[in-house]
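> Sharing a structure with you now.
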Amino acid sequence: MRLPPTRITATNGPWPLHDAAASRQAEQAALAAAAPGALMEAAGLALARLTLALAPHAERVCVWAGPGNNGGDGLVAARHLLASGRAVQVVLVAEAAGGRAEQAARRPADALAAQSRAAAAGVLMAAWPIGSTAAADLHIDALLGLGASRAPHGAMAQAIQSMNAAAAAGRAGAPVLAVDLPSGLHPDTGALLGEQAARASATLALLTLKPGLHTAQGRDHAGEVWLDGLSVPAGAPTAWLAGPALPALRPHSRHKGSHGDVVVVGGAPGMTGAAWLAARAALGAGAGRVYCSPLDAEASLLDPLQPALMGRRAWWTLAPPVLAGATVVCGCGGGADIAATLPALLTQVPRLVLDADALNAIAADASLLARVRQRAARGLATVLTPHPLEAARLLQTTAAVVQSNRLAAAQALAAHCQAAVALKGSGTIIAAPDALPRINSTGNAALATAGTGDVLAGWTAGLWAQAPQAAAADIAAQAVWQHGRAADTDPGAARGAPLTASALVEALARRQFD
């Protein structure tokens with residue numbers, strides 16, 4: 001017996017991801033091995049079952065069916081839902097121009113057969129545009145699937161807009177269940193193909209999980225993601241959806257010297273708080289000793305809220321053996337002054353987390369970039385933690401280009417700098433040279449407050465100091481997952497409240513993400 005769909009969560013991964021090309025390859029292999037229409041029947045039945053499971057009390061269902069196989073899946077589901085006693089209305093939407101005969105000639109044979117069987121079963125169908133749709137308790141988005149590569153236009157764009165409006169109407173609104181992908185969402189990048197895109201409450205991914213469901217606009221438009229592989233081998237993944245990586249319990253015999261030293265270099269005048277936040281995070285992550293070296297010569301060397309932290313002046317000027325014994329965070333609140341610290345740090349520090357102004361300094365100075373690239377050849381490890389604009393500066397492009405394909409941008413930056421990269425944002429991308437990228441599965445908009453990026457940099461260094469032999473990308477993935485999970489499990493964030501950086505440090509230190 002085939003297993004039911006699985007809900008994809010932040011805690012039950014990691015999950016393999018397959019881009020459009022890999023997903024089509026898996027689909028073609030499955031179609032070649034199955035009887036005509038069998039794969040569509042299986043997909044439609046899975047869709048109907050999930051509909052009933054997610055909305056058992058929904059009596060009226062509206063299926064928005066496009067002209068391709070995605071629409072065929074919806075038509076099969078409509079037939080099963082009608083048989084279960086639901087009132088079902090199908091809205092048939094043709095994107096292509098031409099008369100009905102011409103449109104039918106272009107439709108896949110399985111989709112045509114699904115429509116004939118639905119009609120024979122008594123499913124009520126109407127071709128778009130129609131005067132109005134009947135009130136529905138649930139909408140199924142089966143308009144566009146994996147094959148969509150351009151912005152919906154004409155009748156298709158109008159239908160998507162009407163479906164979103166119909167779902168939102170009423171006091172509570174009606175859920176939308178998308179088939180494979182929300183219509184109008186790019187399967188690989190999570191970018192919107194145009195102005196109109198379905199906003200689903202849940203998405204049933206079929207055969208494979210697509211990367212676009214988990215990054216950029218994908219997380220907002222896909223809603224709760226479910227997967228039904230339809231018992232079909234998916235082949236080699238093109239990326240991974242990261243899962244939990246929780247810290248191991250410490251042996252009783254260990255002491256603070258066993259957990260490594262972290263040094264935070266940053267905090268120019270007016271921005272010392274960024275450096276101290278990163279230092280607090282490193283201490284909370286479990287580093288044995290944490291030092292903060294502010295660039296502001298007048299700044300206090302004591303954090304009264306965390307007296308366990310130790311201040312040091314100009315730490316980067318110390319002897320090379322001292323620099324070679326620490327994990328360092330560089331850049332948090334560093335301003336233009338951070339550039340002067342980078343030559344020594346890039347040359348001597350074995351584990352270096354570069355954030356914020358350190359990234360801007362490297363983007364502006366080719367000699368510093370060359371030093372970053374040389375670190376890997378010298379056996380020194382580096383993690384970059386840019387937001388999209390910082391990544392764009394390093395790649396000499398724009399933030400819009402970075403956001404249009406976050407996976408490709410993160411991979412390009414990792415290759416460009418020969419370093420591990422955590423490209424921050426919705427669905428943070430973790431990339432490393434010659435490795436499959438990972439998409440983080442945690443985090444929410446509560447993290448969109450000042451200083452949470454500094455906390456991530458410090459937390460990354462704190463974890464790394466305790467596991468100095470770990471791969472940089474693995475440490476980055478672990479830190480990003482825990483950072484986001486702390487926000488996901490915060491009671492205030494669950495109510496829509498922002499999470500301040502100081503509260504985030506406390507939540508992380510309490511291991512609220514466990």
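> Note the angle between two axes, namely the Cα long axis of helix 272-285 and the longest principal axis of the Cα atoms of the chain, as a number of degrees from 0 to 90, rounded to the nearest 10.
80
> Between Thr397 and Ala155, 0.36 nm times their residue separation minus their Cα-Cα distance comes to what? Walk me through the numbers on the way to the answer.
Numbers: separation 242, 0.36 × 242 = 87.12 nm, distance 3.51 nm.
Extra length available between Thr397 and Ala155 comes to 83.6 nm.
> Mind checking the full-extension length gain between Thr347 and Asp365? Use 0.36 nm per residue of separation minus the Cα-Cα distance, one decimal, nm. Don't jump to the answer; show the numbers that get you there.
Working: separation 18, 0.36 × 18 = 6.48 nm, distance 1.55 nm.
The span from Thr347 to Asp365 would gain 4.9 nm if fully extended.
> Taking 7 Å along the Cα-to-C-beta vector as the label spot, tell me the Asn444-Ala494 distance in nanometres, rounded to one decimal.
0.9
> Here's another thing I want to ask about it. If R₀ is 22 angstrom, what is the calculated FRET efficiency for the pair Leu112 and Ala29, using the beta carbon separation as r and rounding to 0.05? Walk me through the intermediate numbers first.
Working: r = 22 Å, r/R0 = 1.02.
Once rounded, the FRET efficiency stands at 0.45.
> Determine how large the accessible area of Ile429 is when every protein chain is in place; take a 1.4 Å probe and give Å² rounded to the nearest 10.
Per-residue accessible area (Ile429): approximately 0 Å².
> Taking the mean number of other Cβ atoms within 10 Å as a proxy for protection, how do you rank 349-356, 190-197, 320-327 from highest to lowest?
Values: 349-356: 26.9, 190-197: 19.9, 320-327: 16.4.
Packing proxy ranking, top to bottom: 349-356, 190-197, 320-327.
> Calculate the length of the line joining the C-alpha centroid of region 434-479 to that of region 156-211, in whole Å.
For region 434-479 versus region 156-211, the Cα centre distance is 30 Å.
> Arrange the residues Thr238, Thr428 by how much accessible surface each exposes, largest first, with a 1.4 angstrom probe. Walk me through the intermediate numbers first.
Working: Thr238 45, Thr428 15 Å².
Heavy-atom accessible area, descending, gives Thr238, Thr428.
> For the chain, calculate the relative contact order in percent as a whole number, restricting contacts to Cα pairs under 8 Å that are 6 or more residues apart.
13
> Leaving ligands, DNA and RNA out of it, rank Lys210, Lys424 by accessible area with a 1.4 Å probe, largest first.
The ranking, largest first, comes out as Lys424, Lys210.
> Counting heavy atoms of the protein chains only and a 1.4 Å probe, report the per residue accessible area for the chain as a whole number of Å².
Values: 20600 Å² over 514 residues.
Each residue of the chain exposes 40 Å² on average to a 1.4 Å probe.
> Only four residue types carry charge here, +1 at the Cβ of Lys and Arg and -1 at the Cβ of Asp and Glu. Report the dipole size of region 265-351 about the Cα centre in Debye, rounded to the nearest 20. Please list the in-between numbers first.
On the way: 5 positive and 4 negative charges, 58 e Å.
The calculation lands at about 280 debye.
> Take Ser441, Ser231 and sort them by solvent-accessible surface of the protein heavy atoms, 1.4 Å probe, largest at the top. Before the final figure, lay out each step's value.
Values: Ser441 20, Ser231 95 Å².
Reading off the accessible areas and sorting them downward yields Ser231, Ser441.
> Now for a separate question. Accessible area of His221, 1.4 Å probe, to the nearest 10 Å²?
10
> Ignoring any ligand, DNA or RNA, what whole percent of the accessible area of region 17-126 comes from carbon and sulfur when the probe is 1.4 angstrom?
Working: 2780 of 4800 Å².
Here it works out to 58 percent.
> Name all residues of region 175-191 having a backbone nitrogen under 12 Å from the label point set 7 Å from the Cα of Asp220 along its Cα→Cβ direction, giving them as ranges.
191
> Could you tell me which of rounded, prolate or oblate describes the chain, using a ≥ b ≥ c as the square roots of the eigenvalues of the alpha-carbon gyration tensor, with rounded for a/c under 1.5 and, failing that, prolate when a/b is larger than b/c and oblate otherwise?
Details: a/c = 2.52, a/b = 2.32, b/c = 1.08.
Prolate is the answer for the chain, as a/c is 1.5 or above and a/b outweighs b/c.
> For every helix of n ≥ 4 consecutive DSSP H residues, a contribution of -39,500 (n - 2.57) applies; sum these over the chain, divide by its total residues, and give [θ] at 222 nm rounded to the nearest 500 deg cm²/dmol. Walk me through the numbers on the way to the answer.
On the way: 19 runs with 201 residues, N = 514.
The helix contribution divided over the chain gives -11500 deg cm²/dmol.
> Right, something else. For Ala172 and Thr317 in the same chain, what is the full-extension length gain: residue separation times 0.36 nm, less their Cα-Cα distance, in nm? Don't jump to the answer; show the numbers that get you there.
Numbers: separation 145, 0.36 × 145 = 52.20 nm, distance 6.14 nm.
Result: 46.1 nm gained on full extension.
> Here is a follow-up. Report in % the part of the accessible area of region 433-498 that belongs to carbon and sulfur, leaving out ligands and nucleic acids; probe 1.4 Å. Kindly include the intermediate steps, with their values, before the conclusion.
Values: 1220 of 2300 Å².
That fraction is 53 percent.
The values are calculated or read from the model by the stated rules, or taken from the named source; none is laboratory data. Everything quoted here is computed from the prediction, not taken from an experiment. Counting neighbours? That spans all protein chains shown, and the Cβs are built from the backbone with ideal geometry, glycine included. Each accessible area value is taken on the protein alone, full model and side chains, heavy atoms only, with ligands, DNA and RNA left out. Shrake-Rupley method; radii C 1.70, N 1.55, O 1.52, S 1.80 Å.
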